[in-house]
Amino acid sequence: MNNPHHDSVEANRLPIRFSALQWMWMAVLFIALTALGVLSVYLQVEGARWQWDNALLNPVFLVSAIGLLLVYFAADGLRLWFTLKALGYAIRLQDMAQLVFLNIFVSNITPLATGGGVAQVWFLRRHAVPVGAAMTATTIRTVLAILMIFSAAPILWAWLPDLGGEARGLIQTGFWLAIGTYALGFFLVLFKTDWLIRLLLALMAGLCRINLLSQARFVTIKRHWIREMRRFSRGFRMYFAGGWFWVSASVLSTAVFLIALFSFPALIFWALGYDLSYWITLAKMVVTTFIMYFSPTPGGSGIAEGVFGGFFSADLLTTHLVLAVVVWRALTIYLGMLIGLAVTFHWLRPKPLDQKAGA
């Protein structure tokens, strides 16, 4: 028989078990990679240098930036909230607000941005959402964004003939290979779940044979993985059966989130006095985000700054290029990470024994 108290204690434990020193080193890594990304802008653009512009203190820009941030954060939370509603789970909006910033911080501080998904599943588990359903909801939320970005990126790349230089053909091929790989992965998860389970079990059996995984651990993982992966696959079917309103709302909020995210550079350029096409700016940001999905660095740090600088170097004065890069990342990432830092450590701090017992 399951022990309810044991389950509640386990639910309180964040599966990303890093020491304070490891958190510090990951923060240092993020900062170092970000600095290298900004440095790459200096290296690839002759005459680039940092120079502050008081136009970014204009009240109209500040009010517009705050308004866009509110839309950006709200849409980020709502796209997961609507997905959970389609799956039959209701989470309080104030809890969703915490989840947004928890995800921003953890996903940008952990390698390959894998920690954000794990942290969200853990958080939802604390709020009575089963692991399989939480995995389904967070994956659907991500898949919706990926489908929109991956569908648009190759088309927009063809619409931007000045980008890529001599490597343009290679990059175009990379687009289609990436899209094909993602499509195959989703197909296996959704329609050939048993194939995937057998593949993973064979892999773990191999790890047991070379003593990298204990037999007891293998049995435990096998029992939980099979149950959760099948629940995960069923969750996708439940999502589409969850009612047209919730499904449509999750798709619409995802589109609003992406448009808000891609609009920050256009707002910055406008404040700095540039008359760049909003649609061209949006197109370049879609391609930039597509590339960031394959960055091995936490939150795309280093890669994001370099790609952004390369794409917009011909449009901005060299005195504004680095400034635009830093302000763009500050609004879309750094601010959310600061809030997420407080939220994360609120949930990570040790709980009093009487609070644990009552959890």
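The values are calculated or read from the model by the stated rules, or taken from the named source; none is laboratory data. Owing to the predicted nature of the structure, the values given are computational and were not obtained by experimental measurement. Note: ideal-geometry Cβ built from the backbone for every residue, glycine included; neighbour counts use all protein chains shown. Side chains included, ligands, DNA and RNA excluded: accessible areas come from the protein's heavy atoms. Shrake-Rupley method; radii C 1.70, N 1.55, O 1.52, S 1.80 Å.
Among residues of region 281-306 that are over 16 Å from residue 324 (Cα atoms) and of a type in the set (A, V, I, L, M, F, W, C), those with a Cβ under 8 angstrom from a residue that is at pLDDT 80 or above and not in a helix (DSSP H, G or I), sequence gap 6+ or separate chain, pair up as 283/160; 287/160. For beta carbons closer than 8 Å, sequence separation of 6+ or different chains, a first residue in region 73-93 that is farther than 17 Å from residue 121 by Cβ and a second that is of a type in the set (D, E, K, R) and open to solvent by less than 20 Å² (accessible area, probe 1.4 Å), there are no qualifying pairs. If the condition is being more than 16 Å from residue 293 (Cβ to Cβ) and of a type in the set (A, V, I, L, M, F, W, C), then region 147-183 contributes 155, 158, 159, 160, 163, 167, 170. Can you find even one residue in region 181-195 that is of a type in the set (Gly, Ala, Ser) and either loosely packed, with under 14 Cβ neighbours inside 10 Å or within 28 Å of residue 287 (Cβ to Cβ) (or both)? Yes, that holds for at least one residue.
The set of residues in region 209-230 being open to solvent by less than 80 Å² (accessible area, probe 1.4 Å) and within 30 Å of residue 86 (Cβ to Cβ) consists of 221, 224, 226, 228, 229. Restricting region 42-81 to residues that are of a type in the set (Asp, Glu) and under 18 Å from residue 323 (Cα atoms), which is modelled with the lowest pLDDT? Checked region 42-81; the qualifying residue modelled with the lowest pLDDT is 46.
Checked against the criterion of being surrounded by 18 or more Cβ atoms within 10 Å (Cβ to Cβ), over 14 Å from residue 285 (Cα atoms) and charged (D, E, K, R), the candidates 168, 125 yield just one match: 125.
Within region 234-262, the set of residues being closer than 24 Å to residue 188 by Cα, over 21 Å from the mean Cα position of the chain (by Cα) and crowded, with 17+ Cβ neighbours inside 10 Å comprises just one member, 242. From the list 97, 134, the lone residue that is open to solvent by 10 Å² or more (accessible area, probe 1.4 Å) and at pLDDT 80 or above is 97.
Listed by position, the helices (runs of 4 or more DSSP H) inside region 246-359 whose residues that are closer than 20 Å to residue 143 by Cβ and at pLDDT 85 or above number at least 1 are 278-292.
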